[in-house]
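Q: Handing you a structure now.
The values are calculated or read from the model by the stated rules, or taken from the named source; none is laboratory data. What you see is a predicted model, and the numbers here were worked out from it, not measured in a lab. Virtual Cβ from ideal backbone geometry, glycine too; neighbours counted across all protein chains shown. Quick note on the areas: whole protein, heavy atoms, side chains included, nothing else; ligands and nucleic acids left out. Shrake-Rupley method; radii C 1.70, N 1.55, O 1.52, S 1.80 Å.
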Amino acid sequence: MTNVDSESDMFTSNDLNADWDSSDAAEIILSDNNSTINGNGAYIYDNNLYIASAGKYILSGNLSDGSIIINASSDDKIWMLFNDVSIHCSDCAAIQIEQADKVFLTLADETENTLASGSEYNTDAVSSGIDGTVYSRDDLTINGSGALTVTAEYQHGIACNDDLVITGGNISITAVQDGLHANDSIRIKDSDITVSAGDDGITVSNDDETAYLYVESGKINILSCYEGLEAIDVTIAGGTIDIVST
């Protein structure tokens with residue numbers, strides 16, 4: 001059994017709310033060396049988008065070699081709505097969450113979003129432990145009904161040092177190591193996840209009694225991996241799971 005007592009402990013109202021009010025959100029259009037921001041809390045530097053404060057952000061457009069870097073206060077909550085976003089970063093994570101209380105990444109309905117990284121990360125990224133195409137040092141939630149394709153030629157697809165929650169979206173991950181990788185917990189509900197991984201499909205790496213993997217519903221299709229689902233505590237409460245492992 002996991003260390004939580006009920007479904008309400010697994011998912012907060014914010015985790016499940018993909019229809020948050022975006023009327024006061026900053027609007028950001030990504031474009032190589034020409035990104036534009038209409039609103040506060042973010043800035044562009046060296047073809048990277050920096051989000052520096054709590055708030056809501058609507059993103060669209062493309063970066064052929066850049067990142068979204070979130071470095072806010074430790075008590076800041078940040079909402080991002082992806083509306084056909086495509087980001088490739090050759091030498092680091094496409095999304096890098098350095099600090100926040102929690103980040104909510106919502107995939108807008110009927111959108112196709114892609115994130116990709118190169119096969120070698122720069123020296124600073126390696127020394128600081130950045131090991132995913134999506135990398136978060138704090139809690140991360142992915143929700144919504146759009147599509148997200150993640151390609152990781154270096155280590156993991158989506159990596160989270162704390163808790164990773166997925167409550168929606170059609171998510172496809174190809175990674176040379178783990179597809180989904182978190183330290184503390186991974187919680188999945190109402191999402192469609194496809195993984196091709198060189199190592200683990202979905203893994204929670206901490207090996208103490210507080211770490212767990214919880215699947216409540218949705219579809220998980222792990223097309224290739226070494227180990228499929230791995231955690232000290234794995235609870236499958238529902239959903240459909242197919243795994244091909246070696």
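Q: Those residues that are surrounded by fewer than 23 Cβ atoms within 10 Å (Cβ to Cβ), closer than 19 Å to Thr240 by Cβ and among the β-branched types (Val, Ile, Thr), I need them from the stretch 160-200; list them, please.
A: Listed by number, the list holds a single entry, Thr194.
Q: Taking the stretch 51-68, which residues are surrounded by fewer than 18 Cβ atoms within 10 Å (Cβ to Cβ) and either touching a Cys at 6+ places or on another chain (Cβ under 9 Å) or not in a loop (DSSP other than H, G, I, E, B) (or both)?
A: Once the filter is applied, which keeps residues that are surrounded by fewer than 18 Cβ atoms within 10 Å (Cβ to Cβ) and either touching a Cys at 6+ places or on another chain (Cβ under 9 Å) or not in a loop (DSSP other than H, G, I, E, B) (or both), the stretch 51-68 yields Asn62, Asp65.
Q: Something else about it: Which ones in the stretch 5-32 are closer than 30 Å to Ile232 by Cβ, open to solvent by 30 Å² or more (accessible area, probe 1.4 Å) and either of a type in the set (Asp, Glu) or at pLDDT below 95 (or both)?
A: Asp5, Ser6, Glu7, Ser8, Asp9
Q: Could you tell me which residue of the stretch 123-157 is most open to solvent (accessible area, probe 1.4 Å), considering only residues that are within 21 Å of Val176 (Cα to Cα) and assigned to a loop (DSSP other than H, G, I, E, B)?
A: Glu153
Q: May I ask you to verify whether Ser205 is among the small types (Gly, Ala, Ser) and within 15 Å of Thr194 (Cα to Cα)? Explain how you work it out, then say what you get.
A: Values: among the small types (Gly, Ala, Ser): yes; within 15 Å of Thr194 (Cα to Cα): no.
No: the conditions fail for Ser205.
Q: Among the residues of the stretch 89-100, is any at pLDDT 95 or above and over 20 Å from Val150 (Cα atoms)?
A: To start, the set of residues in the stretch 89-100 that are at pLDDT 95 or above comprises 89-100.
If we keep only those that are over 20 Å from Val150 (Cα atoms) too, we end up with 99-100.
Within the stretch 89-100 (the criterion being at pLDDT 95 or above and over 20 Å from Val150 (Cα atoms)), the answer is yes, since at least one residue qualifies.
Q: When you check Leu229 against the structure, is it more than 23 Å from Ala93 (Cβ to Cβ) and part of a strand (DSSP E or B), yes or no? Step through it out loud before you land on a result.
A: Values: more than 23 Å from Ala93 (Cβ to Cβ): yes; part of a strand (DSSP E or B): yes.
For Leu229, the condition - more than 23 Å from Ala93 (Cβ to Cβ) and part of a strand (DSSP E or B) - is met.
Q: Give the stretch 89-122 a look and list any residue that's assigned to a strand (DSSP E or B) and among the acidic types (Asp, Glu), or say none.
A: Step one: list which residues in the stretch 89-122 are assigned to a strand (DSSP E or B), which gives 89, 95-99, 102-107, 112-117.
Those that are assigned to a strand (DSSP E or B) and among the acidic types (Asp, Glu): Glu98, Glu112.
Q: Something else: Within the stretch 37-50, which residues are in a strand (DSSP E or B) and open to solvent by 70 Å² or more (accessible area, probe 1.4 Å)?
A: Within the stretch 37-50, the first condition is being in a strand (DSSP E or B), and the residues that meet it are 37-38, 42-45, 48-50.
Scanning the stretch 37-50 gives Asn38, Tyr43, Tyr45.
Q: Anything in the stretch 201-234 that is over 21 Å from the mean Cα position of the chain (by Cα) and open to solvent by less than 50 Å² (accessible area, probe 1.4 Å)? List them, or say none.
A: Residue satisfying the conditions is Asp233 alone.
Q: Related question: Can you tell me which of (1) farther than 19 Å from Leu229 by Cα; (2) within 12 Å of the chain's Cα centre (by Cα); (3) not hydroxyl-bearing (Ser, Thr, Tyr) is the one Ala108 doesn't meet?
A: Just one mismatch for Ala108, condition (2).
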